[in-house]
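> The structure's right below; bear with me while I get my questions together.
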Amino acid sequence: LYPNQYAQALNQIASPVTNRVYHPEMVDDSAKARTAMLDKIEPLLRDRVEVPIGVFWDNGGGHALTITQMAGDKPNRQYLITDPWNGKTGWVLESDIVKGHTDFFAGHGRLGEAFPSVPKLDKVD
């Protein structure tokens, strides 16, 4: 995936509807980094703000998904993930995301980037 291009698309297409500004954040290939990102996006999900993510497939390439909900508490959180490509939605365990080689419905891969958002501020003249 191309994080800056994906963020630009989110900000051009989704932002007018969500009233949020998205920014890309890469996730290193380690359990510690994946856990840190899940911790970072937890407040957004608890506030019912969806978080777009990018996964890197085990065999190369990547794919965009969206985390739409979270249930439970660390270290037993679960994430409701939607794949816009094949239309599948399902719960994924935190432990599976942290380990990497996660089943993301269309293939196995790892959390490689996330696109947390902040409220869009209206311009005041």
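> Mind telling me which of Asp28, Asp96, Asp47 comes out most flexible in a GNM of the chain, alpha-carbon contacts under 10 Å?
Judging by the Gaussian network model, the answer is Asp47.
> What's the local net charge at Leu65, with K and R +1, D and E -1, over the other residues with C-beta under 13 Å away?
-2
> To continue, here is another question. Over the chain, what is the mean sequence separation of C-alpha contacts under 8 Å (at least six apart), divided by residue count, expressed as relative contact order in percent?
About 30 percent, as a whole number.
> Give me the angle, in degrees from 0 to 90, between the Cα long axis of helix 31-46 and the longest principal axis of the Cα atoms of the chain, rounded to the nearest 10.
Helix 31-46 sits roughly 50 degrees off the main axis of the chain.
> For Asn76 and Tyr2, FRET efficiency with R0 = 30 Å and r from the beta-carbon atoms, rounded to 0.05?
E between Tyr2 and Asn76, to the nearest 0.05, is 0.35.
> In addition: Below 17 Å, Cα to Cα, which lysines can Lys74 reach? Residues fewer than 8 away in the same chain don't count.
Answer for Lys74, where 17 Å is the Cα cut-off: Lys32, Lys40, Lys99, listed by chain and number.
> While we're on this one: Rolling a 1.4 Å sphere over the protein heavy atoms, what is the accessible area per residue of the chain, to the nearest Å²?
Roughly 58 Å² per residue, with all protein chains present.
> Lys and Arg at +1, Asp and Glu at -1: add these up for the other residues within a Cβ distance under 10 Å of Phe104 and post the number.
-1
> Could you work out the local net charge near Asp29, counting Lys and Arg as +1, Asp and Glu as -1, over the other residues with Cβ closer than 15 Å to its Cβ?
Charge balance near Asp29 sits at 0.
> How large is ³J(HN,Hα), in whole Hz, for each residue of segment 49-62 in order, when computed from phi with the Karplus curve 6.51 cos²θ - 1.76 cosθ + 1.60 and θ = phi - 60°, using x for Gly and Pro?
Listing the rounded values in order: 9, 5, 10, x, 9, x, 10, 9, 5, 4, 9, x, x, x Hz.
> Can you list the aspartates and glutamates whose alpha carbon sits under 17 Å from that of Lys120, skipping same-chain ones fewer than 8 residues off?
Candidates past the 8-residue exclusion: Asp47, Glu50.
> Please list the radius of gyration and Dmax for the chain, considering alpha-carbon atoms only, with Å as the unit.
My reading of the Cα-based Rg and Dmax gives 14.1, 51 Å.
> Using a 1.4 Å probe and ignoring any ligands, DNA or RNA, find the accessible area of Ser30 and quote it in Å² to the nearest 10.
40
The values are calculated or read from the model by the stated rules, or taken from the named source; none is laboratory data. These figures come from a predicted structure and were not determined experimentally. All Cβ positions, even for glycine, are placed from backbone atoms using ideal geometry, and neighbour counts span all protein chains on display. Heavy atoms of the whole protein, side chains included, go into the accessibility calculation; ligands, DNA and RNA do not. Shrake-Rupley method; radii C 1.70, N 1.55, O 1.52, S 1.80 Å.
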